[in-house]
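Remarks on the structure that follows.
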Amino acid sequence: MNSKNLKLIVAGFGGQGVLFTGKLLAYAAMLEGREVTCFPSYGAEMRGGTANCTIIISDEMIGSPVVNQPDVLLIMNEASMERFVPKLKSGGLLIMNSSLIKNLPKRQDIEALQIDATGMAEELGSSQIANMIMIGALIAKTGIISVDTVFNALEDIISERKKGIIPVNQTAIKRGLEGINLNNTTVKSQRA
């Protein structure tokens, strides 16, 4: 995987912060001077419906925001895994929330990384920051953007009235980074 160019799909259900994850990653990449596209998609439901976001981060001009075969999937729930894993390119990386996904995909040509994101988030006080743990894991595994840039992006895109949540989001991102970097027991990496 080329760590300078990445085609990514983030998917889950409404309320898991899927669209915010896409916005944060895209904005952070822009802060680093990268070329970026971010294409959100969600069902009519506010919470509980499906949501996904396609992000391309590149050092070169991007011709199309369409991603047929992503390099990486960041998957928050079982239904999203069933929908998007067939699209993941051979040799691609699946980062999955093992709190809500119990079965590994049957594909043998991808790397599957299981993160107990919801469980880790609950340990930090809120299941709503599981997406931040997944972002930390993505950064640790791919190096696509700097964690410091993501922290700066958080400061910029979180509204004034919600600035109080920035520290817990930063802690969750660090937890995701550490889970990968320390080979934490909550993380299992293997060929699917």
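The values are calculated or read from the model by the stated rules, or taken from the named source; none is laboratory data. In this text the structure is predicted, and so the values were computed from the model without any measurement. Please note: Cβ atoms are built from the backbone with ideal geometry, for glycine as well, and neighbour counts cover all protein chains shown.
Take residue 125 and tell me if it is more than 28 Å from residue 86 (Cβ to Cβ) and surrounded by fewer than 21 Cβ atoms within 10 Å (Cβ to Cβ). In short, yes. Taking the criterion of being touching a residue at least 12 places away in the same chain (Cβ under 8 Å), in contact with a helix residue (DSSP H, G or I) (Cβ under 9 Å, 6 or more places away or on another chain) and of a type in the set (Ser, Thr, Tyr), would at least one residue in segment 112-121 satisfy it? Yes: one or more hits.
Within segment 57-66, identify whether any single residue is at pLDDT 95 or above, more than 15 Å from residue 25 (Cα to Cα), over 16 Å from the mean Cα position of the chain (by Cα) and of a type in the set (S, T, N, Q), and answer yes or no. No, segment 57-66 has no match at all.
Taken over segment 66-81, the residue count meeting the criterion of being touching a residue at least 60 places away in the same chain (Cβ under 8 Å), in contact with a helix residue (DSSP H, G or I) (Cβ under 9 Å, 6 or more places away or on another chain) and surrounded by fewer than 21 Cβ atoms within 10 Å (Cβ to Cβ) is 2.
Here residue 84 clears all of (1) over 17 Å from residue 22 (Cβ atoms); (2) in contact (Cβ under 8 Å) with a residue 60 or more places away in the chain except the condition numbered (1). None of 144, 95, 135 is crowded, with 22+ Cβ neighbours inside 10 Å, at pLDDT 95 or above and either more than 15 Å from the chain's Cα centre (by Cα) or outside any helix (DSSP H, G or I) (or both) except 95. Within segment 23-40, residues that are closer than 18 Å to residue 67 by Cβ sit with their Cβ atoms under 9 Å from residues that are acidic (Asp, Glu) and surrounded by fewer than 21 Cβ atoms within 10 Å (Cβ to Cβ), at 6+ positions apart or across chains, in these pairs: 29/35; 34/59; 35/59; 35/60. Within segment 164-179, not a single residue is among the acidic types (Asp, Glu), without any contact (Cβ under 8 Å) to a residue 12 or more places away in the chain, in a helix (DSSP H, G or I) and surrounded by fewer than 21 Cβ atoms within 10 Å (Cβ to Cβ). Answer yes or no as to whether residue 61 is out of contact with any helix residue (DSSP H, G or I) (no Cβ under 6 Å at 6 or more places or on another chain), part of a helix (DSSP H, G or I) and surrounded by fewer than 19 Cβ atoms within 10 Å (Cβ to Cβ). Judged against the criteria, residue 61 is not a match. For residue 35, are the conditions met, namely being surrounded by fewer than 17 Cβ atoms within 10 Å (Cβ to Cβ), at pLDDT 95 or above and over 16 Å from residue 112 (Cα atoms)? In short, yes.
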